[in-house]
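Reviewing the structure listed below.
Values in this text are rule-based calculations from the coordinates and carry no lab data. Values in this document were obtained by computation on a predicted structure and should not be read as measured data. Methodologically, a virtual Cβ is constructed for each residue, glycine included, from the backbone with ideal geometry; neighbour enumeration extends over all protein chains shown.
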Amino acid sequence: MIHTGECPHCGKRIPNAKAQDIELKYDISIKYKGLSYTCPLCKKILGIQLNPVAQNRYLLQDMKNMLKKI
């Protein structure tokens, strides 16, 4: 197995990362689906992003809404 990264928190090499579904909130009423990545060794968060699959759905819905206005 090739280890390509180190955890910035514990300094150990990361064999994999745990991905977890989360809810991202913007303002009070805007919510998005997201993913958080954690170190499997120290359990600290490595990063957070919009869920790429959900992001495509959001973009598609936005495009449909824009086309209705035309």
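Pairing the Cα long axis of helix 52-69 with the longest principal axis of the chain, what angle in degrees results, from 0 to 90 and rounded to the nearest 10? Rounded to the nearest ten degrees, it is 10. Taking amide H positions as modeled 1.01 Å from N, with prolines and chain starts lacking one, the residues under 5 Å from I22 and 5 or more places away or on another chain are G34, L35, S36.
Along the chain, the exposed loop sites are trypsin sites (Lys or Arg not before Pro) outside DSSP states H, G, I, E and B with at most 16 other Cβ atoms within 10 Å, and the longest stretch free of them is 13-42. Per-residue ellipticity at 222 nm from helix content only, as computed over the chain with -39500 (n - 2.57) for each DSSP H run of at least four residues, stands at -8500 deg cm²/dmol.
Phi-derived couplings, Karplus 6.51 cos²θ - 1.76 cosθ + 1.60 at θ = phi - 60°, listed residue by residue for segment 19-32: 9, 9, 5, 9, 10, 9, 10, 10, 6, 8, 10, 9, 10, 10 Hz, with x used for Gly and Pro.
Using only Cα positions of the chain, each an equal point scatterer, no hydration layer, compute I(q)/I(0) via Debye at q = 0.12, 0.29 Å⁻¹ and quote the log10 values to two decimals. Debye intensities relative to I(0), on a log10 scale: -0.47, -1.18. The simple Förster model, with R0 at 30 Å and r as the Cβ-Cβ distance, assigns S36 and M63 a FRET efficiency of 0.65.
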